[in-house]
1. Of all residues in segment 203-223, which are under 24 Å from E64 (Cα atoms) and either assigned to a loop (DSSP other than H, G, I, E, B) or modelled with pLDDT under 95 (or both)?
2. Could you list, in sequence order, all residues of segment 277-296 that are buried (at least 17 other Cβ atoms within 10 Å of the Cβ) and of a type in the set (A, V, I, L, M)?
3. Restricting attention to segment 62-73, does a residue exist that is hydroxyl-bearing (S, T, Y), in contact (Cβ under 8 Å) with a residue 24 or more places away in the chain and within 24 Å of Q208 (Cα to Cα)?
4. When segment 195-217 is examined, which residues are found to be in contact with an Asp or Glu (Cβ under 8 Å, 6 or more places away or on another chain) and within 24 Å of S96 (Cα to Cα)?
5. Scan segment 261-275 and tell me whether some residue there is of a type in the set (D, E, K, R) and farther than 26 Å from L6 by Cβ.
6. Taking the condition of being touching a Gly at 6+ places or on another chain (Cβ under 6 Å) and closer than 29 Å to K41 by Cβ, how many residues in segment 202-261 meet it?
7. Residue pairs, Cβ under 9 Å, 6 or more apart or interchain, first in segment 25-43 and outside any loop (DSSP other than H, G, I, E, B), second β-branched (V, I, T). List them.
8. Quick one: how many residues across segment 234-274 are at pLDDT below 95 and part of a helix (DSSP H, G or I)?
Amino acid sequence: MKGFVLPEYNGRSITNIPGTVLRLFGIQNNLEPLAAPILNKLRGEYSSIIFLIIDGVGFYRYRELKEQGVIPNLAGFNEEYLTSVFPSTTTAALTSLSTGVPPAKHGMLGFKLFLKDFGVTTNMISFRPWKIQVSLVENGLDPDEFVKERRVYSYLEEGYVKSYILIRSFYRNTPLSRVIYGSYETYGIINSVDLFTTILKIHKKDKQKKFIVAYWGDTDTLAHRYGERSLEFGLELRNLDFLLGETLKKLQGENVLFLITADHGHLDTVPAQAIDLSEDKFLQEEMVLPPGGEHRVVYLAVRNPEKVVKYLKEKYGDLAEVA
């Protein structure tokens with residue numbers, strides 16, 4: 001597909017990070033790890049592996065800020081490019097980072113999905129039918145069991161490695177966090193300072209081997225609201241870089257591996273290229289369900305698939321990939 005960056009699931013995707021962590025701890029598993037040249041650079045004996053996920057910081061934007069010299073601590077890390085997943089969105093990517101498998105296997109394929117058992121198109125963050133204020137969780141859906149794939153934390157537990165999952169306090173125990181992390185305990189964070197100081201406290205609390213996952217989403221929030229090249233986005237990443245530097249000073253001499261990734265990048269929308277499907281009369285008449293997926297990856301359930309695909313390619317083929 002011209003112009004698209006496709007996931008490289010065979011060793012250069014964020015999906016390969018969980019399998020890599022397990023191998024570094026010496027735990028047997030069937031998950032695909034990062035490619036051998038990357039894996040070999042990481043090999044060693046570690047008391048803790050700290051895994052920081054910074055939401056929405058794409059490789060090219062990171063490179064630009066690195067070249068400007070405004071994120072010196074992030075720039076000091078050994079760098080390898082990785083691809084995201086498809087669709088390259090937070091819900092899909094975080095579930096892959098928790099399971100080590102692509103979205104096509106774990107099933108979190110977008111913000112809006114049709115759930116056959118309930119017969120509705122569902123908001124996968126709130127787990128409510130689209131535009132209807134009824135909780136599916138209160139009507140029999142178990143978020144802990146929605147994703148059937150085994151979480152990486154289960155493997156680690158069997159290998160006597162303690163997992164700590166740090167997320168914003170307001171995400172804890174929500175249906176979405178339970179889908180991503182299953183029944184494993186999460187720890188609430190109130191701000192970025194709390195995130196990094198909690199990482200240090202957990203690492204130093206005892207001698208047990210630890211896997212510390214720290215997720216930070218404010219970068220993504222700012223990129224969605226103001227754009228990835230906004231002052232707000234840049235300042236947020238510079239703030240994280242400063243806190244990272246202070247944390248690394250406290251970890252000097254420690255037997256720790258510190259991994260950092262984004263879950264996906266951003267591409268600022270050009271309004272003139274946006275497609276409003278709600279204004280397409282033919283398409284509205286053909287659809288049998290509300291659209292699913294994401295704004296950039298739309299799933300359509302229609303009466304006449306071949307007819308609709310032909311129509312979409314003719315009308316929107318220059319602006320979108322139709323399949």
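The values are calculated or read from the model by the stated rules, or taken from the named source; none is laboratory data. Because the structure is predicted, anything quoted here is derived from the model rather than measured. Every residue, glycine as well, gets a Cβ built from its backbone with ideal geometry; the counts of neighbours run over all protein chains shown.
1. Of everything in segment 203-223, just one residue is under 24 Å from E64 (Cα atoms) and either assigned to a loop (DSSP other than H, G, I, E, B) or modelled with pLDDT under 95 (or both), namely G217.
2. L283 - this is the single residue of segment 277-296 that is buried (at least 17 other Cβ atoms within 10 Å of the Cβ) and of a type in the set (A, V, I, L, M).
3. Checking segment 62-73: not a single residue is hydroxyl-bearing (S, T, Y), in contact (Cβ under 8 Å) with a residue 24 or more places away in the chain and within 24 Å of Q208 (Cα to Cα).
4. F196, Y215, W216, G217
5. We begin by selecting, within segment 261-275, every residue of a type in the set (D, E, K, R); these are 263, 268.
Restricting the remaining residues to those that are farther than 26 Å from L6 by Cβ gives none.
No.
6. Adding up the residues that qualify gives 2.
7. Sorted first by the residue in segment 25-43, then by its partner, the pairs are I38/T20; L39/T20; L42/T20.
8. 3
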